[in-house]
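A.B. asks: Take a look at this one; I'll ask things after.
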Amino acid sequence: MKKSATRREHRTNRRALRATLRRRTAETRATRRAVRAVATGTPQPVRTRLVAAGLDDATAKRFAGAFSRGLVADDVRETEIKLKGRVRKTVAVKLFAARTFAARLATYRPKDVLAAARFEVLAGVAA
């Protein structure tokens, strides 16, 4: 770390470092939580399975809906989501077993070239 010229630059640099540390911590915790959930052997949501397979949480959230679209779920559970204000809504969440997830992962490729490459790597690791 280089010495900052001004106090303002120093504060900005420290803020950026703290933000990086918070982001890394959040990613590590999400990955560990997903790996533990998948290790139970029970059906899990696509996002959890994608994070456990090695995708970062933001990308998993982005592609989870398209990944599971048209796929018959092994199980379904209900959960509450928060809308504006204090309003909540109960929605169904599709849960997938490891075999169903692996079969879909082998065939699913998003249109985004970089994301498709990451999914191809995941499919190669899972196989």
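A.B. asks: I want to confirm something. Restricting to segment 67-116 and keeping residues that are under 23 Å from ASP56 (Cα atoms) and hydroxyl-bearing (Ser, Thr, Tyr), which single residue is most open to solvent (accessible area, probe 1.4 Å)?
C.D. replies: THR107
A.B. asks: I would also like to ask the following. Scan segment 98-116 and report the pairs whose first residue is at positive phi and whose second residue is open to solvent by 60 Å² or more (accessible area, probe 1.4 Å), with Cβ atoms within less than 7 Å and a gap of 6+ or a chain change.
C.D. replies: Listed by first residue and then by second, the contacts come to nothing, as the list is empty.
A.B. asks: Given (1) in contact with a Ser or Thr (Cβ under 9 Å, 6 or more places away or on another chain); (2) on the phi > 0 side of the Ramachandran plot, identify the lone condition not met by GLY70.
C.D. replies: (1)
A.B. asks: Across segment 37-76, what is the number of residues that are among the charged types (D, E, K, R) and either within 12 Å of the chain's Cα centre (by Cα) or over 25 Å from THR107 (Cβ atoms) (or both)? Let's see the steps before the verdict.
C.D. replies: Just the residues of segment 37-76 that are among the charged types (D, E, K, R), to begin with: 47, 49, 56-57, 61-62, 69, 74-75.
Okay, now just the ones that are also either within 12 Å of the chain's Cα centre (by Cα) or over 25 Å from THR107 (Cβ atoms) (or both), so 47, 49, 56-57, 61-62.
Counting residues in segment 37-76 that are among the charged types (D, E, K, R) and either within 12 Å of the chain's Cα centre (by Cα) or over 25 Å from THR107 (Cβ atoms) (or both) gives 6.
A.B. asks: Next question, about the same structure. Does at least one position in segment 39-54 carry a residue that is at pLDDT 90 or above, open to solvent by 80 Å² or more (accessible area, probe 1.4 Å) and among the polar types (S, T, N, Q)?
C.D. replies: Yes, because at least one residue in segment 39-54 is at pLDDT 90 or above, open to solvent by 80 Å² or more (accessible area, probe 1.4 Å) and among the polar types (S, T, N, Q).
The values are calculated or read from the model by the stated rules, or taken from the named source; none is laboratory data. Just so we're clear, the structure is a prediction, and the values are computed from it rather than from any experiment. Cβ: placed from backbone, ideal geometry, glycine included. Neighbour counts: every protein chain shown. Heavy atoms of the whole protein, side chains included, go into the accessibility calculation; ligands, DNA and RNA do not. Shrake-Rupley method; radii C 1.70, N 1.55, O 1.52, S 1.80 Å.
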